[in-house]
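Here is the structure we will look at.
The values are calculated or read from the model by the stated rules, or taken from the named source; none is laboratory data. Keep in mind that what you see is a predicted model, and the values were worked out from it rather than measured. Note that each Cβ is placed from the backbone with ideal geometry, even for glycine, and that neighbours are counted across all protein chains shown.
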Amino acid sequence: MSAPSAAQPAASGRRLRRSSGDPLERLVSGTGAMALAEIRKLSHDHVDVFTRSIQPLLWLFLFGSAMRHNRSLMVGTTDYRVYLAPGVMAQAAMFIAIFYGLAVIWERDVGQLQRLLATPLPRAAIVLGKAVGACVRAFVQAVLLLAVLAIAGIALRWSVAGVLGALAILMLGTAGFACMSMLLAAVVKDRERFMGIGQLITMPLFFASSALYPLAIMPAWLRTLARVNPLTYEVQGLRQMLSGVGAHGELWLDFVVVAGFSTATLLAATRTYPKAIL
């Protein structure tokens, strides 16, 4: 991950001093400034995007091809790769988001976080802007993955509404996991410990979800964990919109759960973010 820059948010802070005191205007302006700074970092880090795209492709074309004809892993499709594609897309986005808190630790270590918190930018705008940065990375990676799926002839249900809806729920989930990562970074404050805890969180979230296999074949205790796992609902929403396979057609529930998770982590990260400098 490239080094974060505080120049753009600081410049926005000077503009905010001259703007009206409307909280919503300050929130929108601050979020836009932070998001622009994160997007500019991405524009200088093309290699990171492509290297991160390799992992979901390995899952899809190695693991997916090996298990391609395992009927117990397929629901509503004859090709396991069609079932697996939404799962690895969500997993790749989660991996981007969950380690986004490393930037917060880096900013604290070099003093940028202290300067950022001294600006009039609302704390929610800082957190939201950084979450948008994670969403942009996940969006670019998802588009690349969808392009590869189309070229490889994997029979997803291609429709404009389906693809846009899938990208929407993917962005919601990515924002939620990014905020959770910033919350964790504000508490842990050590890069090595953060990496270890991040791995400890991501692997159970991934395997205790419907990303690789349907809920029906899980043991009862694992199925219970999967039903309280926000990644499960994100994957189910993606799968229903991209392949037509879903959990009883309850797409609205998938969006509600993922949006609720993102809102809860945003509020918690906003409250905890200033403690990252202590």
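Side notes on the structure shown:
- Selection status of F63, at pLDDT 75 or above, over 15 Å from A138 (Cβ atoms) and either part of a helix (DSSP H, G or I) or among the hydrophobic types (A, V, I, L, M, F, W, C) (or both): yes
- Residue identified as under 13 Å from L266 (Cβ atoms), over 14 Å from the mean Cα position of the chain (by Cα), part of a helix (DSSP H, G or I) and not β-branched (V, I, T) among A131, A125: A125
- The number of residues in segment 212-231 being in a helix (DSSP H, G or I) and either in contact (Cβ under 8 Å) with a residue 40 or more places away in the chain or crowded, with 24+ Cβ neighbours inside 10 Å (or both) comes to 4.
- Selection status of G87, in a helix (DSSP H, G or I) and closer than 27 Å to A226 by Cα: yes
- Residue pairs whose Cβ atoms lie under 8 Å apart, separated by 6 or more positions or on different chains, with the first residue in segment 168-194 and on the phi > 0 side of the Ramachandran plot and part of a helix (DSSP H, G or I) and the second of a type in the set (A, V, I, L, M, F, W, C) and buried (at least 24 other Cβ atoms within 10 Å of the Cβ), do not occur.
- Within segment 24-60, the set of residues being of a type in the set (S, T, N, Q), surrounded by fewer than 16 Cβ atoms within 10 Å (Cβ to Cβ) and at pLDDT 75 or above comprises Q55 only.
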